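To keep things clear, I will list the structure first and then write my remarks on it.
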Amino acid sequence: MKKALIIISIFALILGFVSVTFADTYTGVNAFNSKAIMTIIILIMVAVLFLTDALPLPITAMLAPITLSFPGIDILTSADAFKEFGNKWVVLFMAAFIIGEVVFKTGFADKVGRATVKAANASQLKLTILIMITIGFMSAFLSNTGTIAVFIPIVIGICASANIKPGKILMPMAFAASLGGTMTLVGTPPNAIVNSALESAGLEPFGFFEFAKIGAILFIAGVLYHALIGYRLLPDTDPITKSFENKRLEYRTEKMWISVAILVFVILMTATKMIPLVTAFMLGACLAVSTGCITMKEAFDSISWTTIFLFAGMIPLGTAMNTTGAAKLIADIVVSHVGSPIALLAATFIITAIVTNFMSNTATTVLMTPIGIALANGFGVNPEPIVIGIAMAASACFLTPIATPPNTIVLEYGGYKFIDYLKAGWILQVIVAILSITLIPIIWPF
């Protein structure tokens, strides 16, 4: 089935190229931009491959610049198609992964986790709320995937001793990690992607903490939701039992406070703008290795290369969407059916949220952002609220276990079924949508 989908996608690409080229030989079709049509066909091909998971995500991402620069298509030059591996946001993410790994390797994250669990005093509701708050704040600055991985054995251990089913804790923990990531530039890839897209469009990018203007509200709403309603909707599951060894002795605890100092230093330099953003993060990564908090191999291993390849591979497609007029073509069609900027924000938010629940949020953001900017330009309004809506929709996803890495990680440990996410997350998904669509235009006016 997967091979068939790949063949169909490639066939559609070839057919589209041939048909557009043939159409251009006729008079009266000058309005058709063959490169714009080709870019849209490539967009569809990539989206199909992402949705079906027919190929590994990095491979699908790399097919975009390969196709865009392929002889005969020539939408971008080869140099332009692959230059995004030197994009400053790619460099920022590599440094952020390394700094986050240091906090885990030195045992600080483990220390915070155990203190949080101890403070809950075996109360299920109190434990849920405290873990959500802790996870959320850690995920704003560190890898939410790494944070979840650290907390799982701790939480399962305390659940066993307190006779609490892990399924009552792990899903809220995953949701908190996703919501926490919406608060900063490095908390989740979609935030950096919209910044890159704004910059490419000649617009001012958002500040490091600017995302928190809406992200913090969504995070608080998520915690309150689980404290008041959500805990009642969590399933009584029988998770697969796993044995977790206490690995604290393997941590470089003697380097713990050095790692914390590096993290605080980077955040302060970023917040005060005393050092440029990327420079501060890369300096922090270099200090982490130089001080022995992490080895060079561990630094390389900590980088999520899937994220890097998705980011660097898909940005050229966004560039092509803009330069060929493909994004404007789509925007013109949508604008003709949407009556107001608010309706436009709602439409882009809902579409992004639905798609993200079934494919990579990084890929969804890259696909949607240039279209969102073009739609805003078509309406003659500020694109900031549109792209912020896309970023929030891409990260705040709760309906499926494949929507975000945290959702996927807790699936087996919590003993969840696919339907459990829908039951426990649909109300929160609606709350996030309503808050975002209502508040984003107030914070970032059209």
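The values are calculated or read from the model by the stated rules, or taken from the named source; none is laboratory data. Just so it is clear, the structure is predicted and the values come from calculations on it, not from any experiment. With ligands, DNA and RNA removed, areas are computed over all heavy atoms of the protein, side chains included. Shrake-Rupley method; radii C 1.70, N 1.55, O 1.52, S 1.80 Å.
Quick look at the numbers
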read-out: Cα radius of gyration and Dmax for region 89-237 (Å); value: 16.3, 56
read-out: Column: log10 I(q)/I(0), Debye, Cα scatterers of region 329-384, q = 0.31 Å⁻¹; value: -1.29
read-out: Alpha-carbon spread of region 118-178, three principal axes, descending order, Å; value: 31, 17, 17
read-out: Percent RCO, i.e. relative contact order, over the chain, from Cα pairs under 8 Å lying at least 6 residues apart; value: 22 percent
read-out: Kirkwood hydrodynamic radius of region 186-229, from inverse mean 1/r over distinct Cα pairs, in Å; value: 11.9 Å
read-out: Listed residues Glu84, Glu250 arranged by accessible area, highest first, probe 1.4 Å; value: Glu250, Glu84
read-out: Restraint check, Lys126/Lys168; Lys255/Lys297; Lys213/Lys273; Lys105/Lys126, Cα-Cα greater than 22 Å; value: Lys105/Lys126
read-out: With Cα atoms, 0 to 90° folded angle of helix 212-225 axis to the chain main axis; value: 50 degrees
read-out: Region 69-207: relative contact order in percent, alpha carbon pairs under 8 Å with at least 6 residues between; value: 22 percent
